[in-house]
Amino acid sequence: MSGPRVRFAPSPTGYFHVGSARSALFNWLVARQDPAGVFILRVEDTDAERNREDWVEGIYSAMAWLGLTLDEGPFRQSDNFAAHDSAAQLLRRSGYLYYCDCSLAQIEKRKGPGATPGYDGYCRDRGVERGTKTALRFRTPQEGVTVVHDLIRGDVEFVNNLIEDFVVVRSSGIVLYALANVTDDRHDRITHIIRGEEHLANAPKQMMLWEALNAATGDEVPLALYAHLPLLVNEQRKKLSKRKDPVATETYRDQGYLAEAFVNYLALLGWSPRGDEEIVPLATLIEQFRLEDVSHSPAFFDVKKLTHLNGEYLRALSPDEFVERSKPWVRPWSSAWQPSDREPPWREDQFDKYLYARVAPLVQERVATLGEIPSMVAFFFLDLVELDEASFAKVIKDDPLGRDLLRGAVRRFELLVSWDAVSLHDATVEVGEELGLTLRKAQAPIRCAVTGTLVGPPLFESLELLGRKKSIERLRAALERV
Ligand code: GLU
C-alpha cells in the first residue's frame, strides 16, 4: 500500500521562520493522515555561502520541539551532489541543457535598456563547448503553456515563452536549487510538494526539469502535486519581515509558548477546522486537515491571538503539569533544556520548590507565557524586594493615606490569630474602612511594599504563602524608606 510521500525542505540560512514551521506542519499533517504516509526532512544546504551549521541544528531542534517526527531522514542535500551533477550531465547530453558563456554585462548590452528581463537565448544554438566560464541553461519551450495544478490555487498557467532559459548549473559547477530540488524529489518519490507561495514561480521550471529527467532517464516518476501555501502577513498586511517582525520560532519557544499551542496556532494560518472551537487538539487537526481547504489569501500572523491561545493552553494544564512545564524558566539547573538568555532572578539556593508548587496555581491564571512567571514570583524567593520606584512613589511615598494604611495593616497583621488569606483579606478591609478606602485602594500599598510592584498574583494568597515574618518586615521596610 502506498500513501503520500511529502518532504519539508528548508534551507539553513537563518532562524527557523514561522512560515517554515507552518510548511513543515502542513506536510506532516498530510503524512500523518494516512497510515502509509511518509514525512521526510531534507535540509537544502547546497548554498555554502549562506548556510551555517548552527542553523541546521536549529532546524532539528525546532522540529523536535514541535513534535514533527520524521519517517525518513534527516537528509542533507549536499550529500547528493554526485546525483545532481550526473542529472545535469544527462540533461545536457540529451539536449535539454546547453552551455552558455555570456557574461551578465554582455547580455545587458545586447538587449539594451527597457528590454524584457531575463536571458535572450543567445547561446541556444551556438554550440558553445564547456569551458571555465560556461554555465548550463535549460532550453525552455518557446510555445505553449505550462500549467501548474495547484491543490490550493487550482490551475495556474505560465506562458512558456515568458520563461527564460534559466541557469541550472553555474560556471563554478554548482548545481542550482531548481535541479537539486527536483532530482531529490524524484529520487525520494515525492507525491506532494507543499511549500510557501514564494516558490510558485519556480514550479513550472521544476516541472520542465522533472519531465526532462523522466524522458532522459526513462524512469517515469509521476509528477508531484503542488500546494503553495498562502503568504504570512503582519498587522499592516505586509509580508512578514525577517528584520521587523518576530518570525523566529526559537523566540517563541524561549518565551515559553507551549509547542502544542504553537502547533494549534500554525494550523490556523490559512486553514480552519470545522466548528468554532479555538483549541483544536492535534488528533482533530490530523483528522480534518485538507490541502484543498487551505485558503489562498494571505494569512495574518497575529501574535496577540497566538499569545491568547497559549494562555488558554496554560490554564488547561493540571497544576502539576504547569509546574513541570515551567521548570526550564524557574529551575533551569534541574532541567535538561534551558531557554536562551532567560535566567531567573534567583539563585538555586534561594529557590524553594515546595513553595513554588503552592505559588504556581496563583500565577497559572494570570500568565500567557511561561517566561512571564519568574518576574511575577520573584518576591517569594529574593531576600530583598526591588521596589518599582514609580509605584512606590504613587501609592506610598507621595500618598499619606497609603502610609496610614500600611501602619494600620502592620498593627492588625501582627495580631492575627491565624495567618491565612481570608483573615488577611478581612483585616485589610477593616483598615481600609477606617481610612475610607475601597479594598482595591487598600491593597495597593500592601502589594507594592511586599511584592515591589502593583501587579502580580492574588495578594492575600500570596501573603499567606510568603508568611507573617517576611510580609510584616517588608511592610515596615517600605514605611522606613519614606
Ligand atoms: N529550500 C527551499 C526553501 O527553503 C525549499 C523549497 C521547496 O520546498 O521546494 O525555500
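Laid out as a table, the results:
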read-out	value
Meets criteria (in contact with a strand residue (DSSP E or B) (Cβ under 8 Å, 6 or more places away or on another chain), within 14 Å of the ligand (Cβ to nearest atom) and open to solvent by 50 Å² or more (accessible area, probe 1.4 Å)) for Pro74	yes
Enumerated helices (runs of 4 or more DSSP H) restricted to segment 363-471, each holding at least 2 residues that are touching a residue at least 60 places away in the same chain (Cβ under 8 Å) and under 23 Å from Glu348 (Cβ atoms)	373-381, 459-466
Residue among Ala48, Ala83, Ala87 that is open to solvent by 50 Å² or more (accessible area, probe 1.4 Å) and either more than 23 Å from the chain's Cα centre (by Cα) or more than 13 Å from the ligand (Cβ to nearest atom) (or both)	Ala48
Candidate set: segment 255-311, residues that are of a type in the set (Val, Ile, Thr) and not in a loop (DSSP other than H, G, I, E, B); chosen: the one surrounded by the most Cβ atoms within 10 Å (Cβ to Cβ)	Val263
Ser20 hydroxyl-bearing (Ser, Thr, Tyr) and open to solvent by less than 40 Å² (accessible area, probe 1.4 Å)	yes
Strands (runs of 3 or more DSSP E) wholly inside segment 164-241 that include at least 1 residues being within 12 Å of the ligand (Cβ to nearest atom) and under 20 Å from Leu291 (Cβ atoms)	192-196, 225-229
Of all residues making up segment 268-318, the number that are free of Cβ contacts under 8 Å to residues at least 12 places away in the same chain and over 24 Å from Val30 (Cα atoms)	2
For Thr307: the one exception among (1) touching a helix residue (DSSP H, G or I) at 6+ places or on another chain (Cβ under 6 Å); (2) under 25 Å from Asn234 (Cα atoms); (3) among the hydroxyl-bearing types (Ser, Thr, Tyr)	(1)
Hey, His187 open to solvent by less than 10 Å² (accessible area, probe 1.4 Å) and within 16 Å of Phe8 (Cα to Cα) or not	no
Qualifying residues in segment 141-155 (those that are within 16 Å of the ligand (Cβ to nearest atom) and aliphatic (A, V, I, L, M)) - the one farthest from the chain's Cα centre (by Cα)	Val148
Odd one out for Ser11 among (1) surrounded by 20 or more Cβ atoms within 10 Å (Cβ to Cβ); (2) closer than 20 Å to His228 by Cα; (3) within 13 Å of the ligand (Cβ to nearest atom)	(1)
Meets criteria (farther than 17 Å from Phe301 by Cα and not polar (S, T, N, Q)) for Leu213	yes
Condition met for Trp28 (within 14 Å of the ligand (Cβ to nearest atom) and either under 16 Å from Leu266 (Cα atoms) or in a loop (DSSP other than H, G, I, E, B) (or both))	yes
Only one of Val56, Val43 that is open to solvent by less than 60 Å² (accessible area, probe 1.4 Å), in contact with a helix residue (DSSP H, G or I) (Cβ under 8 Å, 6 or more places away or on another chain) and within 16 Å of the ligand (Cβ to nearest atom)	Val43
Filter result for Asp349 (on the phi > 0 side of the Ramachandran plot and either open to solvent by 40 Å² or more (accessible area, probe 1.4 Å) or in contact (Cβ under 8 Å) with a residue 12 or more places away in the chain (or both))	no
Selection from segment 363-386 of residues that are open to solvent by 30 Å² or more (accessible area, probe 1.4 Å), farther than 17 Å from Glu312 by Cβ and not acidic (Asp, Glu)	Ser375, Met376, Leu382, Leu384, Val385
Unmet requirement for Thr69, which otherwise passes all of (1) more than 21 Å from Leu229 (Cβ to Cβ); (2) open to solvent by 60 Å² or more (accessible area, probe 1.4 Å); (3) away from the ligand (no atom under 14 Å from the Cβ)	(1)
Any hit, segment 59-75, residues being assigned to a loop (DSSP other than H, G, I, E, B), among the hydrophobic types (A, V, I, L, M, F, W, C) and closer than 30 Å to Tyr265 by Cα	yes
Some residue of segment 133-146 being modelled with pLDDT of 95 or more, in a helix (DSSP H, G or I), surrounded by 17 or more Cβ atoms within 10 Å (Cβ to Cβ) and among the small types (Gly, Ala, Ser)	no
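The values are calculated or read from the model by the stated rules, or taken from the named source; none is laboratory data. Keep in mind that this is a model prediction, so the values were computed, not measured. Reconstructed Cβ throughout: ideal geometry from the backbone, glycine too, with neighbour counts over all protein chains shown. Quick note on the areas: whole protein, heavy atoms, side chains included, nothing else; ligands and nucleic acids left out. Shrake-Rupley method; radii C 1.70, N 1.55, O 1.52, S 1.80 Å.
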